[in-house]
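Remarks on the structure that follows.
The values are calculated or read from the model by the stated rules, or taken from the named source; none is laboratory data. Model, not experiment: these values are computed from the prediction. Cβ placement follows ideal geometry from the backbone for every residue including glycine, while neighbour counts extend to all protein chains displayed.
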Amino acid sequence: MEKQTVSSGTIWEKRYSYSRAVRCGDRIWVSGTTATGPSGEVVGRGDAAEQAHYIFDKIEKVIVELGGTLADVVRTRIFVSSMKHWEAVAAVHGERFAAIRPANTLVEARLVGEEYLVEIEAEAIVGAGSAL
C-alpha cells in the first residue's frame, strides 16, 4: 500500500518532521491544523470563528489534494484554547459538516502560541461521502 503525504510548507512541518496530511489506501489523516497563513502569520487573530473557517479551508484543500472530498470526513477533533470559544467554533463546524455529520470531539487544551484560539484535525475515508 502506497503512502502519500502533503505539506503546506509551514516551517513547523519541516522543523519537526511531520506532514500536513497522509493518505494510505483509502484513509486520510490530517494533522492538527491552526490558522497559520502562508507567511507564518496568524489568520483571524482574536476571532475563533474566523480561525475555524480558515482551518477548515486548509483541511479541505489537503483532502482534495489527496483525492478525497470534505464529504469523506468521518472524524474531527477540535481543540480550543478556552471554552469561551467552543460555541463559535462548533457553529462553524455545523456549517461545514451539516450534511456530513462526522464523529467529533471538542476539548479545551493549551495550544502552541497564545494567538491560536483553535486547532483542528480530521480523518477521512475516500468514498465515504458517496454514502450520503
Looking across the range 111-132 at residues that are touching an Asp or Glu at 6+ places or on another chain (Cβ under 8 Å) and of a type in the set (G, A, S), the single one that is farthest from C24 (Cα to Cα) is G129
Scope the range 64-104; condition farther than 22 Å from R23 by Cβ and free of Cβ contacts under 8 Å to residues at least 24 places away in the same chain; matching residues: K84, W86, E87, A90, G94, E95, A98, R101
From G25, G32, residue being in contact (Cβ under 8 Å) with a residue 12 or more places away in the chain, in contact with an Asp or Glu (Cβ under 6 Å, 6 or more places away or on another chain) and surrounded by fewer than 21 Cβ atoms within 10 Å (Cβ to Cβ): G32
Answer with yes or no whether A122 is among the hydrophobic types (A, V, I, L, M, F, W, C), touching a Lys or Arg at 6+ places or on another chain (Cβ under 9 Å) and within 26 Å of G40 (Cα to Cα). yes
Within the range 21-34, can one find any residue that is of a type outside the set (V, I, T) and either in contact with a His (Cβ under 7 Å, 6 or more places away or on another chain) or at pLDDT below 95 (or both)? no
Please work out which residue is farthest from C24 (Cα to Cα), limiting yourself to the range 66-110 and to residues that are surrounded by fewer than 18 Cβ atoms within 10 Å (Cβ to Cβ) and among the polar types (S, T, N, Q). S82
Over the range 1-11, the set of residues surrounded by fewer than 15 Cβ atoms within 10 Å (Cβ to Cβ) and touching a strand residue (DSSP E or B) at 6+ places or on another chain (Cβ under 8 Å) is M1, E2, K3, Q4, T5
Within the range 102-131, residues modelled with pLDDT of 95 or more, of a type in the set (A, V, I, L, M, F, W, C) and more than 13 Å from the chain's Cα centre (by Cα) come out as A103, V107, A109, L111, L117, I125, V126
